[in-house]
Amino acid sequence: MNMITYLEDQINFLTEQVNDAKKQNNEMMRVMTESRRDEAAHILEAIHSGQITTL
């Protein structure tokens, strides 16, 4: 699995977790998963924009 696929899978999974946390009114879980999702999205964006070219 390459890094882009991994990050996309993580973003999708964490988005589901954020939505579940919102439905359950679990603020702590929402904040934790949203933070991880945003971090993965920023890394993916940096890869796509060419800021990250090697790992």
Inset, instruction - On the full set of protein chains, 1.4 Å probe, figure out the accessible area of VAL31 and give it in Å² to the nearest 10. - result: 70
Inset, instruction - Express the carbon and sulfur contribution to the solvent-accessible surface of the chain as a percent, rounded to the nearest whole number, probe 1.4 angstrom. - result: 51
Inset, instruction - Could you state the angle between the C-alpha long axis of helix 3-23 and the longest principal axis of the C-alpha atoms of the chain, as a value from 0 to 90 degrees rounded to the nearest 10? - result: 10
Legend entry - With DNA, RNA and ligands ignored, accessible area of ILE43 (1.4 Å probe; Å², nearest 10): 60
Legend entry - Rounded tilt (10° steps) of 27-49 against the dominant C-alpha axis of the chain: 20
Inset, instruction - Sort all Cα-Cα distances of the chain into consecutive 10 angstrom bins from zero, then give the percent of pairs in each bin up to the one containing the longest distance. - result: 26, 45, 22, 7
Inset, instruction - Report relative contact order for the chain in percent, whole number only (criteria: Cα-Cα under 8 Å, sequence separation at least 6). - result: 36
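The values are calculated or read from the model by the stated rules, or taken from the named source; none is laboratory data. Worth saying up front: this structure is predicted, and the values here are computed from it rather than measured. Side chains included, ligands, DNA and RNA excluded: accessible areas come from the protein's heavy atoms. Shrake-Rupley method; radii C 1.70, N 1.55, O 1.52, S 1.80 Å.
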